[in-house]
Amino acid sequence: MVLMLDFDGVLHPLDALDERAWLGAAPGTTLPRFAHVPALAEALEPHAEVRIVISSSWQIAHPLDELKRRIAPLAARVIATTGDRGPTRYASIRSWLDASRYAGEWIALDDDDRGWPRAERHRLVWCDPETGLDAEALDELRRRLERCRNPR
């Protein structure tokens, strides 16, 4: 099982502040970057089989080692990045799947639902970019992971 993982709008709200700015921010300010990593790590804990492919645009400007440091509790699960392979996130994911010849189950955790064909939308766990990975998206991710583990 592979989880295609976006960062902005998923692991933190789109307007998240970097750590230095957040430490000096006024009360009530948005969450810091990567604030939802612990919740995602907890949701994945019962699913040791899940590996992560980073589909975020962060991969364009940051090397894989740095990306792994940013999501340290999940780093051991990271196997690749999709590369900047297409005009939409789905196109990048599809291109990685084709190039890697990965034929197993996969799910995408993303706030960008543009370009997803109807036949593949069941693989997308959409996050509201204003909140990122909230309780509703986490519940949906857990349901999808269970369905992949126990198909009917």
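Here, each number is a calculation from the coordinates, and none is a lab measurement. For clarity, every value in this text was computed on a predicted model and none was experimentally measured. FYI the Cβ positions are ideal-geometry reconstructions off the backbone, even for glycines, and counts take in every protein chain you see.
What's the angle, to the nearest 10 degrees (0 to 90), between helix 135-149's Cα axis and the longest principal axis of the chain?
Long axis of 135-149 versus the principal axis of the chain: about 30 degrees.
Considering Cα pairs under 8 angstrom that are at least six residues apart, work out the relative contact order of the chain and quote it in whole percent.
Worked out over the chain, it gives 32 percent.
Which residue fluctuates most in the GNM of the chain (Cα springs below 10 Å): Arg69, Arg77, Arg85?
Evaluated over the chain, the most mobile residue of the options is Arg69.
Can you list the chymotrypsin sites (Phe, Trp or Tyr not before Pro) in the range 43-152 that are in a DSSP coil and have 16 or fewer other beta carbons within 10 angstrom?
Qualifying residues, ordered by number: Tyr102.
Working only with C-alpha atoms, what are the Rg and Dmax values of the chain, expressed in angstrom?
Cα only, the chain: 15.0, 50 Å (Rg, Dmax).
When the helices in the chain are scored as -39500 (n - 2.57) per DSSP H run of 4 or longer and the sum is shared across all residues, what 222 nm value do you end up with, to the nearest 500 deg cm²/dmol?
Only helices count here, giving -9000 deg cm²/dmol.
Taking only Cα atoms and a 10 Å spring cutoff, compute GNM fluctuations for the chain and point out the largest among Ala119, Ala39, Ala75.
Judging by the Gaussian network model, the answer is Ala119.
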